[in-house]
Amino acid sequence: DRLRSRGLGDVYKRQALSIDNKNAAPVGVFDSGVGGLTVAREIMRQLPNENLVYFGDTARVPYGSKSKDNIIRYSRQIIHFLRTKGVKAIVIACNTASALALDVVREESDIPVIGVVEPGARAALHITHTKKIGVIGTEATVQSAMYGKIIKGLDPTVSVIGKACPLFVPLVEEGFAKHKVTEEIIDYYLASMKHSDIDSLILGCTHYPLLRSRIRAYMGDKIQLVNPAYETAMDLKHILQESGMENAGKEGEHATYSFYVSDAADKFKQFANSILPYDIETTQQINIEEY
């Protein structure tokens, strides 16, 4: 029903007609770095039979300071690489690339391509009662107002309050998610939002779900948190089901996961092993500019 309301179900059904024996093919996931691993983690949890290929563009992170033309170029290169791995669908697990490149690369693709912004925006609209929604993210995400544009496009009566929380990303990447200093930074950034009349808060950066328990404890019960990583995984699940590409799995078989980066493979693997439900044995570095 969610897909039909967006008109996507029939689109992906048509795309699936030209795809043979794709059920066991992997899902491609990419991000500018490590943040998209929270999306990969939710896909592993919610779609345990799906094989996965992840690419982190660690050589060119962050995307937030790059031009739209470059973000589109990067996304095309990565999608080209992922297509060499035979993926049946692609998830852009990056807020910036979802905002700036999704429409272009989706139009060019004959397989489903989804981003993280639309699922998070729709989920927040679904749960809000006050019609006042908060969004936290990086400076680039908040300044782009991309969540607000999508939300207001669906319901112009909703108010959207944005707040940039730039220190959250380094706190997560440097292993301070459970440190007392993180509580102080959460209070510094979110005090005004805590005392506003919002009733839902979108975690508008793929790193932020790793701070979810701390943010929830601080914001209290009256404000519901929206995790776009989870919502994106659920969108992917519905798309694969409706297009007949879901991998039912076979008894005794386990899903396979492959990880690629454009730089700093060891550092990526160390971070991934701290948040994923299993240990990554290898992470392969590739020259993404060749694609």
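The values are calculated or read from the model by the stated rules, or taken from the named source; none is laboratory data. For clarity, every value in this text was computed on a predicted model and none was experimentally measured. Cβ placement follows ideal geometry from the backbone for every residue including glycine, while neighbour counts extend to all protein chains displayed. Just the protein is used for accessible areas: all its heavy atoms, side chains included, with ligands, DNA and RNA removed. Shrake-Rupley method; radii C 1.70, N 1.55, O 1.52, S 1.80 Å.
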Quick one: in segment 136-154, which of the residues that are open to solvent by 10 Å² or more (accessible area, probe 1.4 Å) and not in a helix (DSSP H, G or I) is farthest from ASN95 (Cα to Cα)? ALA145
Collect the residues in segment 163-196 that are of a type in the set (D, E, K, R) and in a loop (DSSP other than H, G, I, E, B), keeping them in residue-number order. GLU174, LYS178
Can you list the helices (runs of 4 or more DSSP H) found entirely within segment 26-115 that contain at least 3 residues being among the β-branched types (Val, Ile, Thr) and either open to solvent by less than 20 Å² (accessible area, probe 1.4 Å) or in contact with a helix residue (DSSP H, G or I) (Cβ under 8 Å, 6 or more places away or on another chain) (or both)? 37-46, 68-83
Looking only at residues that are over 21 Å from the mean Cα position of the chain (by Cα) and among the small types (Gly, Ala, Ser) in segment 245-263, which one is surrounded by the fewest Cβ atoms within 10 Å (Cβ to Cβ)? GLY252
Could you please let me know if TYR278 is closer than 20 Å to GLU42 by Cα, at pLDDT 95 or above, of a type outside the set (A, V, I, L, M, F, W, C) and not in a helix (DSSP H, G or I)? no
Which residues, counting only those in segment 121-154, are of a type in the set (A, V, I, L, M) and without any contact (Cβ under 8 Å) to a residue 40 or more places away in the chain? LEU125, ALA145, ILE150, ILE151, LEU154
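Take ALA229 and decide whether it is open to solvent by 70 Å² or more (accessible area, probe 1.4 Å) and among the hydrophobic types (A, V, I, L, M, F, W, C). Full working, then the answer.
On the way: open to solvent by 70 Å² or more (accessible area, probe 1.4 Å): no; among the hydrophobic types (A, V, I, L, M, F, W, C): yes.
Criteria not met by ALA229.
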Restricted to segment 264-289, and to residues that are touching a strand residue (DSSP E or B) at 6+ places or on another chain (Cβ under 6 Å) and polar (S, T, N, Q), which residue is surrounded by the fewest Cβ atoms within 10 Å (Cβ to Cβ)? GLN284
Count, please, the residues in segment 155-173 that happen to be touching a residue at least 40 places away in the same chain (Cβ under 8 Å) and open to solvent by 60 Å² or more (accessible area, probe 1.4 Å). 1
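Give LEU240, LEU225 a once-over and let me know the one that is part of a helix (DSSP H, G or I) and not β-branched (Val, Ile, Thr).
Working: LEU225 fails: part of a helix (DSSP H, G or I).
Selected residue: LEU240, the only one of LEU240, LEU225 that is part of a helix (DSSP H, G or I) and not β-branched (Val, Ile, Thr).
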What are the residues in segment 45-82 that are aliphatic (A, V, I, L, M), in contact with a strand residue (DSSP E or B) (Cβ under 7 Å, 6 or more places away or on another chain) and in contact (Cβ under 8 Å) with a residue 60 or more places away in the chain, if any? LEU52, VAL53, ILE78
Segment 197-222: number of residues that are crowded, with 19+ Cβ neighbours inside 10 Å and either part of a strand (DSSP E or B) or touching a strand residue (DSSP E or B) at 6+ places or on another chain (Cβ under 7 Å) (or both): 11
Conditions (1) part of a loop (DSSP other than H, G, I, E, B); (2) under 28 Å from LEU276 (Cα atoms); (3) not basic (Lys, Arg); number of the one not met by HIS129: (2)
